[in-house]
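Rule-based calculations on the coordinates, nothing more; no lab input. Since the structure is predicted, the reported quantities are computational estimates derived from the model, not experimental observations.
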Amino acid sequence: MSDESDTPESEVAPAPRARSGTSGLVRLMIAVGAVLFVATGALYVVVPTVALDILNIQSTATSEYLLRTHGIALLFGGLLLLLAIAGRMPAVVLLALAAYLIGTSVVDVVAFVQGIAGPATLPEAITRTGLGVLCGAVAVRRNPARSAH
């Protein structure tokens, strides 16, 4: 009896430790992404002129409308990320978050190069790209560990 109870415990105990460490990091990354999405979305919806001024883009009714529309999408995405923290596929969510962060950074850099957006776009794009790469790395690192168990 002692052998049977010792063996399953020793086999089961390491797996949750490995998963919980990674899950904690994954949850943290998703939470950071969620907070950024919600905060940015709220800024875009409530005071789009401030966000446009930061990017050195002239505020018009059209640009404010488009920014508010984007803000609603960010708010909704942030809420989905918060829900995903409790879900069973956080690596997939992290990869999606990485793709969004890197994709929007590319759009911002192109807008800067074309003279549409001001220089404040570049530090933001670099920061989002770094966070996107980190999210992708955590997701890829987590995936093999999950399939091995």
Amide hydrogen neighbours beyond the local backbone of residue 117, cut-off 5 Å, H modeled: 112
Karplus (6.51, -1.76, 1.60) ³J(HN,Hα), θ = phi - 60°, over segment 32-49, in Hz, Gly and Pro reported as x: 4, x, 4, 5, 4, 4, 5, 5, 5, x, 5, 4, 5, 6, 7, 9, x, 5
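Please compute the alpha carbon radius of gyration of segment 50-146, then divide it by the globular-protein estimate 2.2 N^0.38 Å. Two decimals is fine.
My calculation over the Cα atoms of segment 50-146 gives 1.24.
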